[in-house]
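Heads up: the structure comes next, in structure tokens.
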Amino acid sequence: MTAKQYLSKIRWLDIRLQQKADELKKLQDNAIGIRGIDYSADRVQGTPSGGMPAVENYVDQEKAIRKQYNQLAYCKRKIIHQIKRLDEPRYSDVLFMRYVQCWKWDKVASRLSITKRQAYRIHDDALAYFEEKYLSNS
């Protein structure tokens, strides 16, 4: 895996984390399940459906989703920590702006007060350095 592919995982992780949060919210809404009562229909004697199985399902699913969420969040924190630990501040800045903050090249160059061409060069050097430091042994 190249450094660029590895660092691009942050965007994928952000998407997966949001999906897991949405999934958890939907499960919570289903478990709580406050529904309206239709008084126009015929009265039927019996117990309401849903109830405990829905709550048990929610609890099981919540545990699984939280575990996955924590794994994804850990992976994202690890990548960010690796970027911040680079010895060259410009490398760290460019990689952080580009992959963590998802900035366009114009904004990266503007923030660093350099041209886009210089930003590309620093980015290429930073990727090579990152790959050598973190990915060459794996």
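The values are calculated or read from the model by the stated rules, or taken from the named source; none is laboratory data. Since the structure is predicted, the reported quantities are computational estimates derived from the model, not experimental observations. All Cβ positions, glycine included, derive from the backbone under ideal geometry; neighbour counts span all protein chains shown. Just the protein is used for accessible areas: all its heavy atoms, side chains included, with ligands, DNA and RNA removed. Shrake-Rupley method; radii C 1.70, N 1.55, O 1.52, S 1.80 Å.
Tabulated results
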{"quantity": "Selection within the range 106-124 - of a type outside the set (Gly, Ala, Ser), within 17 Å of residue 92 (Cβ to Cβ) and open to solvent by 40 Å² or more (accessible area, probe 1.4 Å)", "calculated": "107, 111, 118, 120, 121, 124"}
{"quantity": "Filter result for residue 22 (at pLDDT 80 or above and over 27 Å from residue 133 (Cβ atoms))", "calculated": "yes"}
{"quantity": "Residue pairs meeting the criteria (Cβ under 8 Å; at least 6 apart or on separate chains; first within 21 Å of residue 14 (Cα to Cα) and of a type in the set (Ser, Thr, Tyr), in the range 72-93; second modelled with pLDDT of 95 or more and surrounded by 14 or more Cβ atoms within 10 Å (Cβ to Cβ))", "calculated": "92/83; 92/86; 92/126"}
{"quantity": "Qualifying residues in the range 125-138 (those that are of a type in the set (Ser, Thr, Tyr) and surrounded by fewer than 16 Cβ atoms within 10 Å (Cβ to Cβ)) - the one modelled with the highest pLDDT", "calculated": "136"}
{"quantity": "Residue that is most open to solvent (accessible area, probe 1.4 Å) [pool: residues in the range 45-87 that are among the β-branched types (Val, Ile, Thr) and at pLDDT below 85]", "calculated": "47"}
{"quantity": "Complete set of residues in the range 107-125 that are without any contact (Cβ under 8 Å) to a residue 12 or more places away in the chain and within 26 Å of the chain's Cα centre (by Cα)", "calculated": "107, 109, 124"}
